[in-house]
Each structure stands twice: as C-alpha cells, then as structure tokens.
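Readers should treat all values here as calculations from the given coordinates under stated rules, not as data from a laboratory. Bear in mind the structure is a predicted one, so any value in this text is a computation, not a measurement. As a convention, Cβ positions derive from the backbone with ideal geometry for all residues, glycine included, and neighbour counts pool all protein chains shown.
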Amino acid sequence: MNCETHDHSLDEEFQVIVDLVSHDILNINQTVLSAIELISESSGADEKTERHARRAESQIRISTQIFESMKVLCLTDKIGEMPSELVDLNEAVKKAISDATDMFPDRRVRVELEESEDKAVVAGGIIVHEVLTNAIVGIIRLDTSEQASMKVRVSGEDVHGARHWVVRLSDENVAVPSKLGFKTIGEVSIDSRTRMGRMAGLIMARVMAEKLGGAFQTEQTAKGSVFKVMFAGVDRA
Amino acid sequence: MTSVLIVDDELFIVELYRDILQLRGYKVVGMAFDGEEAIRKYTDSPDKPDIIIMDHRMPVMNGVDATKEIVRMNPTQKVIFVSADVLVEKEARDAGATEFLPKPFRMDDLIEKMDRVSPP
C-alpha cells in the first residue's frame, strides 16, 4: 500500500485522483446518511426498517474511515514525511475507542480500556489516531459474535533495546481466532500476485504504524487474537 | 424560529439538509451553491440568517473565502462549517467559523451545534 510511483507526474496525478475520489465518496456518504435519517424519522418506519437503517449507517461510517485514511496516507506520501506532532497515547486510545464504537450503531460493542498511569507520548499526529481507529474498527469487524468484546491496555516495552509503547487489543470473545488475526494483518498484506489482501483498514493501520517506526502485529495465543500496535517511544517523563 | 442559510454545491445534500431542518422546526431562508452566491444572497437579504451552514470545496469561491467575507461584513455571524476536508478545520476557524463538523455527520450532531450557537 504505497501511493508512490517511479514517475513523478503520475504520482501527482494519482494524488489528485485519490483526493477527488475520497472527497466525492464522503459527499455521497453524507447524502446517503441524511437520506437514511430522513427515512427513519418519517412516520411508519418499523423496527426492522430502523435496524436496516442503523446497519446502513454503520457501513457508511466504515467506508468513510477507509477513505479518510487513504487520503491521509497518500497525503503523507506526497509530503514525503510522517507528521512529527507529539500525541498523548492514552488520550488517543480513548478517542479512537469512542470514534470506532460510534461506527457500529447496529451492533452491541464493548471495548474495555485498562487505564494506564504511565504517561505515554508518541510522535505521529493524526496518523496515530488513524492507526488506532482502523485497528479497533477492523477487529470489531472480524468479530462476528452478537456482542463484539475487546480489552485494551497501554504499556511500555523494550524492543531491541528501544523503548516502545504498545497498545494491546485483546479479543475477549475468542471470536477472532489467533490464526485469523495473524493471517489478516500478518502474512497476507498486499500481495501483487495473488491479491489476497482484505480488510483495507487493518492493512492501512499496519502500513501507517510501520511508517511511524512502529508495528502492528498479532501475538500467537491458544485462544482469541491479541493485536499489538507498537509506537516508538518519545518520552517517559 | 432560528433561520438558516445553507451553502453547498451538492443539490441533493442541500435539499436533504433543508427537509430535515424544516422537519426539526428551523426556518430555511435560503440556499446557495457556491461561496460567491452565498455572499450575494447574504448581502441582499434584509434579515440576516441566524446561522449559515457552509461547505468548503465549491466552484467559483470556496467556503473559507466566503466565510472570511461574510464575517468581515458581520463579525457576529454564526457559521457552522461542514466539510469532507478534515484538514481545513483550522483554516475555517481562522476565517471565522464558529463550529466545524467533518462530513459525513448525523443531523443530530449538526443540530446540537446549531442549538449551541442559536440566539436565545
């Protein structure tokens, strides 16, 4: 997943196309979302219609997230560097949980955050939010149980001698088998030969995390998936 | 009744905002499809709208420039900026926008912001 090409002019054309497509899709999504709201508000909308309306809204919100991330990812490629703005990771996690769960008005979703007393600061500005939101949304989508359930914890970890902050996202339902989690973000990625990649949001989360000098991986467990989003540490003060 | 001017280049969006806002008890006093038309309608209107809902990416003149001009004419004018360009938020606020909402949004979210800036 990279918007760079060898031909500079083609690269610029591609940036413009991504920008235009994303903008159009978000406007189209606004129209559809408002139309759904209008239909829901009109008299006679029964419970089933309401349920379908909530499902449609969820799909619109998820597609919006994917297009926004694509736009941000291509913009950072265009600029040639990732944002360096410092972010309070604990606050970023809280906002990502709130934004991600809002995307599922049609489902029962429980995301439990184990608050950390450590002050975790990472660099990456808006990209940090995109990584976390895409990760949480993607894991909820993988969880097909009646109530998606996830535990989130932020902790410090030394990786190859360098301090990292790790956001652990554990599937509490054991609804996302470890193997599925690993295959989705691990070995599949973007394979130009087989085109086996799926779940664009999860793949983009991995690409963005790596561009920030971190990683998005799964831990092998006997139960459900444990996803780890890793960010290079900036400050432990 | 709170009066509203809707500015967006997408006809369907303008019509949907209008219908939903009217259902919720707002008075839609005008619609414009680009920034220049918005300024013209604003200038020509003897009764200024309480709130302007302003899009950004429009032909002829964008929302930031239109907001700047309208707020220059009337510094107390309430403008709620709505855009699919999330990165334009700072520019919009610097231009004088009172609130910012990224598209797509629920009308409840827009109305919450409208209630916040509506005259008592």
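Would you calculate the separation in nanometres between label points at A:Asp158 and A:Ala215, each defined as 7 Å from the Cα along the Cα-to-beta-carbon direction?
1.7
Which GluC sites (Glu not before Pro) in the range A:47-144 sit in a loop by DSSP (not H, G, I, E or B) and have at most 15 other Cβ atoms within 10 Å of their own Cβ?
A:Glu81, A:Glu85, A:Glu115, A:Glu117
Shielding by partners for B:83-89, please: the mean number of other protein chain Cβ atoms within 10 Å of each residue's Cβ.
Rounded to a whole number, the mean comes out at 4.
Neighbour counts of other C-beta atoms within 10 Å: give me B:Met114, A:Met208, B:Met73 arranged from fewest to most.
So the residues, fewest neighbours to most, are B:Met73, B:Met114, A:Met208.
Which chymotrypsin sites (Phe, Trp or Tyr not before Pro) from the range B:12-50 combine a DSSP loop assignment with at most 15 other Cβ atoms within 10 Å? Before the final figure, lay out the partial values.
Working: sites: B:Phe12, B:Tyr17, B:Tyr26, B:Phe33, B:Tyr42; in loops: B:Tyr26, B:Phe33.
Passing both the DSSP loop test and the Cβ count: no residue.
If each DSSP helix of 4+ residues adds -39,500 (n - 2.57) and the sum is divided by the residues in chain B, what number results at 222 nm, nearest 500 deg cm²/dmol? Please list the in-between numbers first.
Working: 5 runs with 52 residues, N = 120.
The helix-only estimate for chain B comes to -13000 deg cm²/dmol at 222 nm.
Cα gyration tensor of chain B, axes a ≥ b ≥ c as square roots of the eigenvalues: rounded (a/c below 1.5), prolate (a/b > b/c) or oblate?
Verdict is rounded for chain B.
Determine which lysines satisfy two conditions relative to A:Lys228: a Cα distance under 17 Å, and not lying fewer than 8 residues away in the same chain.
In chain and number order, the partners are A:Lys94, A:Lys151, A:Lys179, A:Lys183, A:Lys211.
Please list, or write none, the lysines whose alpha carbon is within less than 17 Å of the alpha carbon of A:Lys48, excluding same-chain residues fewer than 8 places away.
Reachable lysines: none.
Take a quick pass over chain B and tell me how many lysine pairs come in under 22 angstrom between Cα atoms, counting only ones 8 or more apart or on separate chains.
Lysine pairs, 8 or more places apart or on different chains, close enough: 19.
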